[in-house]
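Data first, discussion second: the structure below is written as structure tokens.
The values are calculated or read from the model by the stated rules, or taken from the named source; none is laboratory data. Quantities reported herein were computed from a predicted structural model and do not represent experimental measurements. So basically every Cβ, Gly included, is an ideal-geometry build from the backbone, and we count neighbours across all protein chains shown. Accessible surface is based on the protein model in full, side chains and every heavy atom, while ligands, DNA and RNA are left aside. Shrake-Rupley method; radii C 1.70, N 1.55, O 1.52, S 1.80 Å.
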Amino acid sequence: MNQGTSVPTSNSAWKLHEIRLISRKMEIPIVETFEFEFVDSAVGQQYVARAGQFNMLYIPGYGEAAISTSGVSQNTGNIEHTIRQAGNVTNAIFRLELGQTLGCRGPYGNGWPLRDLEGKHLILIGGGIGMAPLRSVIESLKQSGCSFLKVTILIGGRSPEALLYSAEYDQWRSSGFEVLTTVDHSTTGWQGNIGVVPSLLDHIELSDPNAAIVMCCGPEVMMNYCALAAIERGIPEDQIFFSLERHMNCAIGHCGRCQLGSYFLCTNGPVFRYNQVKELMKIPEL
Amino acid sequence: MNDFQYFRMDQFPDFLRQLMHSGYRVIAPTIDQEAIVYAEIQSIDDMPRGYTDEQKPGYYRLQHTGNQRFFDYAVGPHSWKRYLFPPLQLISTSIKSQDGWTFEEHVDEGESYAFLGVRACELAAMRIQDRVFLEGAYVDKNYQNRRKASFIVAVNCAVPSANCFCTSMNTGPKCKSGFDIALTELSDGFLMEIGSSLGNEMVTPLGFPTATEEQLSESESVSDHATEQIKKTMDTTDLRNRLIGQLEHSHWQDVANRCLSCTNCTMVCPTCFCSHVEEVPDLNQERVDRRKSWDSCFNPGFSKLHGTPVRNDTRSRYRQWLTHKLATWHDQFGESGCVGCGRCITWCPVGIDLTVEVAALCEEEP
Amino acid sequence: MPEKLRLGIFKFASCDGCQLSLLNAEEELLELAELVEFAHFPEASSRIESGPYDLVLIEGSISTPEDLDRIQQIRRQTDTLVTIGACATAGGIQALRNGANHDEFMKLVYPHPEYVQSLATSTPISNHVSVDFELRGCPVDTGQLLQIISDKLHHRKFSVPDHSVCRDCKLQNIVCVSVARGIPCLGPLTQAGCGAICPRFHRGCYGCFGPCHQTNTDGLTDWLIKDGHSSSQLIPLFLNVNAEAPEFARTAAQLIRQDSAEGESDE
């Protein structure tokens, strides 16, 4: 699945780079987007991450967390991470003040398949925080200059307030992308769809299923239903991609934690073709 | 260069002295805590001469034979991974200043160890860990430095234990490659096979004579005899696919009813490589060490995701260990992760024998 | 310098050993005193201050009528409450009286039991008030105790390793006393934290850190019995400082039933 190399800024296993928090923006409750710059700008200039890759962010005393990139500024090497406040590390990141520093290793993982997309119908599906790694896909598509058949973005959230990046949807639409949303539970004033994300797939216009590429990130149950809905619409299995999640400790295939069957999610993933993992995902607690 | 040389039993101290004079700390079998373990020795008197071991599932006993032999036993609780991939290592230190954090990575230059008494299955285990730590996309420099700094004196097994099954895994009992020197203990001395130019440089000053035909043939019979004594077997024919086809077999629960999920099998396994890194901060959290230590897929916390283990019972944890070792390891590293040393059988506190479990798992469900 | 953490340490039915584990942290104590105000620590200082407290460490079990009130009062004044040691988390060795005849015990021990106010049971703190975290051990480990205080100081979620004692033996080169010497050892069932101190001195683990998460006590007792140990030999392994920990209590009860069944079949 590896297309091209986007290797870490150091090939040394545990070498950390110091990064500085330069801005943060509240997205939805307990989710914020943080922008960091490399303290050593020479490192920043060498840093290149593909959409779907991740960094290990490190706060001394709290540990590391694997966080997908949500955007990389091409010129400065600044990195953006949309983070949900959950464990010790992310709590400590949320306590950071602007100008404070932390550690970073990366980028790691294979990333989304973003080559040879000319003439394709891209369908990006994100549930909850699962939109975070897809936002960097949207950013790269905007910059790619590639002529797509179509780009459809399907977004699900628990409630209208939980739809991630809602302030950016208009901008995505003006780039020519189709954006559809749905919520599990509506609140006052919501006029849009109510229901699970896979149901959105039933409604989109699909002129050529064989030209469709589905990239999906969210809870495993949601992704599985999205795959079934996509297959129902005639999209081939090997054109459906999932970004999977397991606990990671080293990110370089040495600690053994993130295994799923034969795969190390950190080095073989986190992005997999549906047909690579569908049998594995059927077995509970594998 | 003579590939095969011979030295008398009374010249063994000269051989050992030569290793030490060449700057190596010699790690060899020695008796500690009622077992034969690997630790630093100063002379051949520190070695378990005249001892053997009795091993059964969940059972190990040191026995005094009273003979004059040095290597009449099988592998014990330790493996060389303890020296190449130490159970606890400091990997980095973070120091806080007014401007932010300074991150110092620790790279261990690698102690010059001579490992004396490495068995064929253990050579295979080293090759397997090399693939994990050196031959993937990322290199573990600490492991690499230690591996480079080590000198390997292998020993061909003469007395395997009842838990050995290297013949099934095609790793022993005779050492074929991966050593600098390989010894076979004969009735009155050692046959010495030179396996590398480093090994040749080491022994040239000793001026040992070329081995005779009789000595070569005695050495062959030691290995043949060892092979005959190995009774435990595991059918490895298409084992990867046979196990992957049985992920929902009811026998996994049967093992789980006996397994304590205590991690012993993974700790003694010479190929198990899982680890985790923990934070060791001072009270002010201004100086924070990061420490890497052996971990195990049998620990519930090992697979914890969003607060809950993915493998949330012993059944799924035992399945992960066994299928990784014997099946998915092939996909990841091109070979089995098991070398047939039998340690996981001996040191399981409830005597679970993976060869028996594998046979049961490969039976069709009733 | 941020405001100091107000720490309170309170004792219920116990031997004081867990509090001593904190005093044993000799080197760190001065550093700790820079960050923490010891507002209530009678074992160390006669200066006693009233609540509220940011962090309270409770040693000991609830075993008298007075304890029932006092623990409620403490909880009301406490932000974060952590129990320390086997007594506070599982009732301790004194919980061996639970289910036995309390009045008989009193008569045996005291010439005038009517002067003694005591409950018929010894119970963990969590049976009475909400507990934010439980630190195991008899006594607790000094390192884990300092870590808990550090976690509170630095806003970390409390957690301690969940692996068995066996891993700690292996990390320290300790040869398994069970496999190499045939000594029954609770290490495979017991949560780590002690640094495998008993096996280090060639003794079996007696389980003072209590059962591991998802422990399999039957797996071990089945093996030991098959290996020639009798049920009666194994009972004391489980009826110890963590006798009231549910897994150990269940196993002890089962072994007692087996033992009496064996006794009957012998007759």
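A DSSP coil position with no more than 15 other Cβ atoms inside 10 Å describes the following trypsin sites (Lys or Arg not before Pro) in segment C:1-94: C:4, C:47. Shown is the FRET efficiency for residue A:22 and residue A:191, computed with R0 = 41 Å from the Cβ-Cβ distance and rounded to the nearest 0.05: 0.65.
Give the calculated FRET efficiency between residue C:26 and residue A:85 to the nearest 0.05, with a Förster radius of 45 Å applied to their Cβ-Cβ distance.
Working: r = 38 Å, r/R0 = 0.84.
It comes out at approximately 0.75.
Pairs over the 29 Å Cα-Cα cut-off, from the set B:292/C:152; B:141/C:170; B:174/B:292: B:174/B:292. Count Lys and Arg as plus one, Asp and Glu as minus one, and take only other residues whose Cβ is under 15 Å from that of residue A:116; the net charge is then +2. In this structure segment C:5-153 gives 46 Å² per residue of accessible area when probed at 1.4 Å with all protein chains present. Among the residues of segment C:169-186, those with an accessible-area drop of 40 Å² or more from chain alone to full protein complex, heavy atoms and 1.4 Å probe, are C:170, C:171, C:173, C:175, C:179, C:180, C:181. Model label sites at residue B:135 and residue B:212, defined 7 Å from Cα along the beta-carbon direction, differ in position by 4.1 nm. Cross-linked pairs A:120/A:278; A:282/B:304; A:142/A:282: Cα-Cα separations exceed 25 Å for A:142/A:282. Using 0.36 nm per residue and subtracting the Cα-Cα separation, the extra length available between residue C:46 and residue C:128 on full extension is 26.7 nm.
Give, as ranges by residue number, the residues of segment C:11-27 whose backbone N falls under 16 Å from the point 7 Å along Cα→Cβ of residue C:110. Within reach of a label on residue C:110, which here means backbone N under 16 Å from a point 7 Å along Cα→Cβ, segment C:11-27 contributes C:13-14.
Stretching the chain fully between residue C:37 and residue C:200 yields a gain of 55.1 nm (0.36 nm per residue, less the alpha carbon separation). Computed from point charges on the beta carbon alone (+1 for Lys and Arg, -1 for Asp and Glu), the dipole magnitude for chain B about its Cα centre is near 800 Debye.
Each residue, residue A:45 and residue B:284, gets one label point 7 Å from its Cα in the Cβ direction; the gap between the two is 3.7 nm. Seen from residue B:188, the other residues with C-beta closer than 14 Å to its C-beta sum to a net charge of -2, counting Lys and Arg as +1 and Asp and Glu as -1. Rounded to the nearest 20 debye, the dipole magnitude of chain A is 440 debye, with +1 charges on Lys and Arg beta carbons, -1 on Asp and Glu beta carbons, and the Cα centre as origin.
For segment C:58-161, the carbon plus sulfur part of the accessible surface works out to 52%, probe radius 1.4 Å.
I'd like the distance separating the alpha-carbon centroids of segment B:112-134 and segment B:170-196, in whole Å. Measuring centre to centre over Cα atoms gives 14 Å.
Taking one quarter of the surface of the convex hull spanned by the alpha-carbon atoms of the protein assembly as shown gives a direction-averaged projected area of 46.3 nm². Between residue C:16 and residue B:93, the modelled label-to-label distance comes to 3.9 nm, taking each label 7 Å out from Cα in the direction of the beta carbon. Label zone (residue B:108, point 7 Å along Cα-to-C-beta; backbone nitrogen cut-off 16 Å) within segment A:244-281: A:255.
Placing a label point 7 Å from the Cα of residue A:207 along the Cα-to-Cβ direction, the residues of segment A:137-179 whose backbone N falls under 15 Å from that point are A:147-152, A:177-178.
Taken as Cα centroids, segment C:192-231 and segment B:275-309 sit 24 Å apart, rounded to the nearest whole angstrom. Counting only cysteine Cβ atoms and a cutoff under 4.7 Å, chain C contains unmatched residues C:15, C:18, C:87, C:169, C:176, C:185, C:194, C:198, C:205, C:212. Of the GluC sites (Glu not before Pro) found in segment B:228-330, the ones in coil according to DSSP and having at most 14 other Cβ atoms within 10 Å of their Cβ are B:248, B:286. For the protein assembly as shown, the Cβ-based charge dipole about the Cα centre amounts to some 1140 debye (Lys, Arg positive; Asp, Glu negative; other atoms uncharged).
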